[in-house]
Structure formats: structure tokens, C-alpha cells
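Notes follow the structure.
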Amino acid sequence: MLNGKRILLIVGGGIAAFKSLDLIRRLREQGASVTPVLTRAAQEFVTPLSVSALAAEKVYLDLFDLTDEAEMGHIELSRAADLVVVAPATADLMAKMANGHADDLASTLLMATDKRVLVAPAMNVRMWEHPATKRNTATLVKDGLLFAGPVEGSMACGEFGPGRMSEPHEIMEDIERALSNGPLKGRHIVVTSGPTHEPIDPVRYIANRSSGAQGSAIARALAALGADVTFVTGPATVAPPDGVRVIPVETAAEMLDAVKGALPAKAAVFAAAVADWRMETASDSKIKKDANGAPKLKFAENPDILATVAHLKSGRPGLVVGFAAETDDVVANASAKLARKGCDWIVANDVRPETGIMGGSENAVTLVTADGAEDWPRMSKDQVAAKLADRIAATLSGQ
Ligand code: C5P
């Protein structure tokens, strides 16, 4: 339920604007109040009258409307809400937000607000994949905005692909998460996930088989408890969850930089399968086959991100959790790793091929802490994530 929550809903000008009417209906059904703002272009797709009727509130349209400013100035309007939702967020609106434009009511409110902003992008697939939109999205993620979608699907323009706005029921879940009063509300937690790719030359790289499934599930479970999650992910096959700040990286060095840049945090969970080695010097040009035979690759050791953060003299997160994928003597190896890496907990799992855990949907883990080892029964990766998130919440509540 969203009883008493106030949502400032900014509707951008795209065909998906019709879905914002359903979103308003759902928000009100859940007990939230909705103050709608329509951009000029949005008014071409939905009428102020229908939006205002559904919201049972005045709809705001113009920056320089003296009546509105007399009733509630734009600064106050931007701050009276518990959450600002932009749905649909067009490519243009995202560009304005990313670049700090404030030339109409919607963009000015977005600049002036001191509340969290949840963005539900909606645009043609080419526009979503355009480098400018990618840059703007990365900027907005870095600025701490939350994203709901977009999803893949057929579009009003007849094309198919990512860029379609999430359905109102999905956006509702993201809104509930953003407003959650869970036990981790207001706690910043960093999660690493996925493999890393270490370039050999511009076309080849060293990688591993991590899907990123367990890391994604952990980030989702922490966010569901209200945590403010920064999700630093290598090139995983599983999509990152909604409602977290995603920082995509390729290499271990980039992952370390991103994690350091994301601190301080109350806790950090290192679920990434970081490559142990990179090329000492990656080649700038493609290595060619020649008469000298196979190239000799010279490796250098990658930084250990978990150990680096766990050994920080200042700014160390209060709880540092590592993973250990082992094929034998799981508990003994995990306990040794706990000491060597300097972390507080190790989530150890048996990744012998016959267990089907690596790349599968289930996991059987042992939680190793200073107090000893605790075997958890085999369960889905989502359940492992939920149990781990509950443990983290219980531990942080005492700090
Ligand atoms: O040493 P090993 O790779 O088994 O350790 C696994 C744990 O250490 C995982 O939590 C992994 O995310 C983390 N790790 C890391 N940076 C590395 C290697 C591992 O953060 N370079």
C-alpha cells in the first residue's frame, strides 16, 4: 500500500503517455495522491482534463503561470512529493535532465527537486540505442536517478526492441520499492556482479562463465528491503534488476574504480566473478597469425577488489561480504579465504559441475563468519538472495 504517499508525476510527450492514465489510477487505488505535470508535447497525447479527472487534482502545465505560482511555486511543487516519477520519459526529456536544462515546468521541477526521481523511459528502439541516449542514461544513473525499464517489445511505430515503456503494474512495483520503508531504507549497499572481460587485443578477451544471476538476485533482494543499491556489474547475461543504480564495467580495474567511487557504503557484497589475471599489456591492434606460431600471452595479476575494500583503513563498509566458489574442502577453503581477504562473511558454494550450480537457477551455500559455518539447504538463487538480504538487514540494524 502507498497510503498517504505523494507522487509528483511528470508525463512526457510520447505515445506511451496513455499508460500514465492507468498508472495514476493504480497509484490512487493504492492510497497515493498524484500531482500531475504535463509537458507541452504530452498534451498532444493525453488531455489535461482526463489526467486531472483521474488524479482528482489540478494538473500543472506551464512554468510561467502566475495563478499556479501564486498557489504553489515551482520549487515547493518539486519538493512537496515523496517521489518524483517521470513516465513516459522521452529521449528529449532525458537529455534535458542529463544536461541540467530548465526551460519548461517539467525540466525545472526535475532540477529543483530534493526528492528521489524514478524514470520510466519510452522511445523508439533506435533512439534508445543512440549513443546520445546511452550517454544521457549513464549520466542519470550516476546522478542517482532510479530507472523503471524500459522493456523489449513491439512499438507503436511498428518496430521491435528495447525502448518500450514498462507496463504500469511494473512501474508500480518500482515505485513501491523506491518508497519502501523496509529495514534497509536509507542504507547504501554496493554489490558487484557478473564476470569481467580482460582484453587481449581489440577483438579478443579473457572471460569466465558467470551469468551474474546470483549478484542480480542479491541486488534485487536488498533493494526490496529498501536499500539504496549501487550495482557494479561486468558484462553479465542476466539483466540488472530495476530500482538499483547500475554501473556497467568491463574489466577488473574498472570494477575496482567503480566500487571505490561508489563508497561510502554501509555494506558491500562482492558477488562478481572477477578475472584473476589480465594481459600485462593488451595489444592495441588485432594480433595476427604469422609464421612465428602461437603468441605467448603474458599475464599480470588483477587487483583483488574484495580484499582491497576489506582492508581499507578509512571508509571500510561496516559489513564486507565475499563469495567463494570451491570444488573441494568448501568450508576449510572458505574459512581460509575469510581470513586472507579480511572480509566479515564468505558465502561459499560448491561449484563442481555435477552440482549444476554454476549457470543454474539454484544454489547450495554455506555462510562462513567469525562464528563458524552454517549450511543453508539447496534453494533457488532468489531465495538465497532473500535470506542473505535478511541477514544483512539484521546485522546492520545493530550498527
Ligand atoms: O579469490 P577468489 O576469486 O576465490 O575470491 C572470490 C571472492 O573475491 C568473490 O567475492 C569475488 O567477488 C572477490 N574477488 C574480487 N576481486 C578479485 C578476485 C575476487 O573482488 N580480483
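The values are calculated or read from the model by the stated rules, or taken from the named source; none is laboratory data. Keep in mind that what you see is a predicted model, and the values were worked out from it rather than measured. Methodologically, a virtual Cβ is constructed for each residue, glycine included, from the backbone with ideal geometry; neighbour enumeration extends over all protein chains shown. Just so you know, the surface numbers come from the protein's heavy atoms only, side chains and all, with ligands and any DNA or RNA stripped out. Shrake-Rupley method; radii C 1.70, N 1.55, O 1.52, S 1.80 Å.
Remarks
- For residue 58, the requirement of being modelled with pLDDT of 95 or more and of a type in the set (D, E, K, R) is not met.
- Set 385, 364, 393, 389: member being over 21 Å from residue 273 (Cβ atoms) and more than 14 Å from the ligand (Cβ to nearest atom): 393
- Residue check, residue 354 more than 16 Å from the ligand (Cβ to nearest atom) and exposed (fewer than 15 other Cβ atoms within 10 Å of the Cβ): yes
- Selection status of residue 316, open to solvent by 50 Å² or more (accessible area, probe 1.4 Å), in a strand (DSSP E or B) and either in contact with a helix residue (DSSP H, G or I) (Cβ under 7 Å, 6 or more places away or on another chain) or not hydrophobic (A, V, I, L, M, F, W, C) (or both): no
- Single residue of segment 369-386 satisfying the filter (free of Cβ contacts under 8 Å to residues at least 40 places away in the same chain and touching a strand residue (DSSP E or B) at 6+ places or on another chain (Cβ under 8 Å)) that is farthest from residue 332 (Cα to Cα): 380
Matching residues to (1) crowded, with 24+ Cβ neighbours inside 10 Å; (2) without any contact (Cβ under 8 Å) to a residue 24 or more places away in the chain; (3) in contact with a strand residue (DSSP E or B) (Cβ under 7 Å, 6 or more places away or on another chain); (4) under 22 Å from residue 68 (Cβ atoms):
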residue: 1; (1), (2), (3), (4): no, no, no, no
residue: 12; (1), (2), (3), (4): yes, no, yes, yes
residue: 18; (1), (2), (3), (4): no, no, no, no
residue: 25; (1), (2), (3), (4): no, no, no, no
residue: 30; (1), (2), (3), (4): no, no, no, no
residue: 33; (1), (2), (3), (4): no, no, yes, yes
residue: 40; (1), (2), (3), (4): no, no, no, yes
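- Residue among 371, 382, 329 that alone is crowded, with 18+ Cβ neighbours inside 10 Å and among the charged types (D, E, K, R): 382
- Among the residues of segment 313-328, those identified as without any contact (Cβ under 8 Å) to a residue 60 or more places away in the chain and either over 22 Å from residue 234 (Cα atoms) or more than 10 Å from the ligand (Cβ to nearest atom) (or both) are 313, 314, 315, 316, 327, 328.
- Residue in segment 135-158 that is touching a residue at least 24 places away in the same chain (Cβ under 8 Å), of a type in the set (Asp, Glu) and not in a loop (DSSP other than H, G, I, E, B) present: no
- As a summary of the residue check, residue 310 satisfies the conditions (1) more than 8 Å from the ligand (Cβ to nearest atom); (2) among the hydrophobic types (A, V, I, L, M, F, W, C); (3) more than 14 Å from residue 267 (Cα to Cα) except for the one numbered (3).
- Residue 354 vs. criteria in a strand (DSSP E or B) and out of contact with any helix residue (DSSP H, G or I) (no Cβ under 9 Å at 6 or more places or on another chain): no
- Test: residue 390 is under 22 Å from residue 225 (Cα atoms), surrounded by fewer than 18 Cβ atoms within 10 Å (Cβ to Cβ), in contact (Cβ under 8 Å) with a residue 24 or more places away in the chain and out of contact with any strand residue (DSSP E or B) (no Cβ under 7 Å at 6 or more places or on another chain): yes
- Any chance residue 189 is within 22 Å of residue 266 (Cα to Cα), buried (at least 16 other Cβ atoms within 10 Å of the Cβ) and β-branched (Val, Ile, Thr): yes
- Yes/no for residue 92 being of a type outside the set (Val, Ile, Thr), open to solvent by less than 20 Å² (accessible area, probe 1.4 Å) and part of a helix (DSSP H, G or I): no
- Of all residues in segment 99-134, those being in contact with a helix residue (DSSP H, G or I) (Cβ under 9 Å, 6 or more places away or on another chain), over 19 Å from residue 37 (Cβ atoms) and in a helix (DSSP H, G or I) number 6.
- Residues in segment 329-344 that are more than 10 Å from the ligand (Cβ to nearest atom) and touching a residue at least 12 places away in the same chain (Cβ under 8 Å): 330, 331, 335, 338, 342, 344.
- Residue 249 crowded, with 22+ Cβ neighbours inside 10 Å and within 14 Å of the ligand (Cβ to nearest atom): no
- Among the residues of segment 271-288, those identified as crowded, with 18+ Cβ neighbours inside 10 Å and either aliphatic (A, V, I, L, M) or more than 16 Å from the ligand (Cβ to nearest atom) (or both) are 271, 272, 273, 274, 275.
- Looking across segment 159-188, the residues that are assigned to a loop (DSSP other than H, G, I, E, B) and closer than 19 Å to residue 7 by Cβ come down to 165, 166, 167, 179, 180, 181, 182, 185.
- Qualifying residue in segment 289-297 (condition: among the charged types (D, E, K, R), more than 16 Å from the ligand (Cβ to nearest atom), out of contact with any Cys (no Cβ under 9 Å at 6 or more places or on another chain) and at pLDDT 95 or above): no
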